[in-house]
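The values are calculated or read from the model by the stated rules, or taken from the named source; none is laboratory data. Nothing here was measured: the structure is a model prediction, and the numbers come from that model. FYI the Cβ positions are ideal-geometry reconstructions off the backbone, even for glycines, and counts take in every protein chain you see. Please note that ligands, DNA and RNA were not included when accessible areas were found on the heavy atoms of the full protein model with its side chains. Shrake-Rupley method; radii C 1.70, N 1.55, O 1.52, S 1.80 Å.
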Amino acid sequence: MTNYYNEIKNELLNYEVTKKVKEYSINKSELETKYNVGKMLIEAQGGEERAKYGNSLIKEYSTRLTKEIGKGYSEQNLKEMRQYYLYIKKGRPVGDNLNWSHYRKLMTIDNNNAIKYYICQIKLYNLSKRQLEEKIKSKEYERLSEETKNKLSLDSTCEYEITDFVKNPIIIKNTKGDNNITEKVLQKLILEDLDNFLLELGEGFTYIANEYKIKMDNTYNYIDLLLFNYIYNAFVVVELKTTKLEKEHIGQIEVYMNYIDENIKTIYQNKTIGIIIAKEGNKYVMKYCSDPRIYNTTYIFN
């Protein structure tokens, strides 16, 4: 019997390509239509300044369009098309992989750097409208370091470090309902919602173990969380503190990082990174921390 597998595969591959091209074309056409309608609405209202007060015309057009074409042309929808035209005209950031639902959320943001960040997140994680909304609602951009925000304001080709997208504070879902918890309980809460925790840290983090046992001399010690970042090709030691950051915490995590470097890391991997997640930060301790591989952030409960 003839083997039709390759012919079947090629037929399906052609279909997938055609479908993607069609989806891209439909999305592009929709955005162009929204832009053109928005522009005409501005012109019909006598320009940008008068358009701010021309909602009666929007109401009239909405009523007529709904009656003659159908649903989807409410006053709010027409106002958003008008807003989209102004968004593009003002030179706000755009992205090839964005659809109308994305832009509806991005148009609520005034900061261009914040918009650039969320567009980057949409591209990296193929975010849906709901996922993007959750990131904006959690003020993810606002929780980035000032250094990272400055990098975002530069050319998009600038290089980022592993700690650039670690949020501060990190949001942890608290199913216990009590803010006065132990480090063990904090660790448990993180493990219960591990996927979101890794996303709070940034891009490329994967879980290896909790309470990772290491032996130094005749004593066993336990690393709260051991992660690996596949983008930066480095192990990540995470220590949890339900108190304010103290200088002793720096020494502790540094010992753990050095242990991983000497006993676990291979010659093909970069040096281990350390992240201390504490209840409160301490800028003075971090100021005099001589190891640039150690990063400190704080946490809050959702």
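Brief remarks follow.
- Filtered by the rule that a residue be assigned to a helix (DSSP H, G or I) and open to solvent by less than 30 Å² (accessible area, probe 1.4 Å), region 179-194 gives Leu186, Gln187, Leu189, Ile190.
- Boolean, Phe197 is free of Cβ contacts under 8 Å to residues at least 40 places away in the same chain and either on the phi > 0 side of the Ramachandran plot or open to solvent by 20 Å² or more (accessible area, probe 1.4 Å) (or both): no
- Scanning region 254-275 finds no residues that are more than 21 Å from Phe205 (Cβ to Cβ) and in contact with a Lys or Arg (Cβ under 7 Å, 6 or more places away or on another chain).
- Answer from Phe165, Phe235, Phe228 - the residue that is open to solvent by less than 70 Å² (accessible area, probe 1.4 Å) and more than 23 Å from Tyr268 (Cα to Cα): Phe165
- When Ile264 is tested against (1) surrounded by fewer than 20 Cβ atoms within 10 Å (Cβ to Cβ); (2) modelled with pLDDT under 95, exactly one condition is not met: (2).
- Qualifying residues in region 137-154 (those that are of a type in the set (A, V, I, L, M, F, W, C) and open to solvent by less than 40 Å² (accessible area, probe 1.4 Å)) - the one modelled with the highest pLDDT: Leu144
- Qualifying position, being over 28 Å from Lys283 (Cα atoms) and part of a loop (DSSP other than H, G, I, E, B), among Lys167, Lys139, Lys176: Lys176
- Test result for Ile250, outside any strand (DSSP E or B), β-branched (Val, Ile, Thr), under 19 Å from Lys279 (Cα atoms) and open to solvent by less than 50 Å² (accessible area, probe 1.4 Å): yes
- Just one residue in the set Ile208, Ile231 is touching a Phe, Trp or Tyr at 6+ places or on another chain (Cβ under 6 Å) and either of a type in the set (A, V, I, L, M) or outside any helix (DSSP H, G or I) (or both); that residue is Ile208.
- Selection status of Tyr207, within 24 Å of Tyr268 (Cα to Cα), open to solvent by 50 Å² or more (accessible area, probe 1.4 Å), at pLDDT 95 or above and under 20 Å from the mean Cα position of the chain (by Cα): yes
- Residue selected from region 106-115 under the condition in contact (Cβ under 8 Å) with a residue 12 or more places away in the chain and open to solvent by 50 Å² or more (accessible area, probe 1.4 Å), by the criterion farthest from Leu31 (Cα to Cα): Asn111
- Any pair with Cβ under 8 angstrom, 6 or more apart, that starts in region 224-243 at a residue that is closer than 16 Å to Ile170 by Cα and touching a residue at least 40 places away in the same chain (Cβ under 8 Å) and ends at one that is among the acidic types (Asp, Glu) and assigned to a strand (DSSP E or B): Leu240/Asp224
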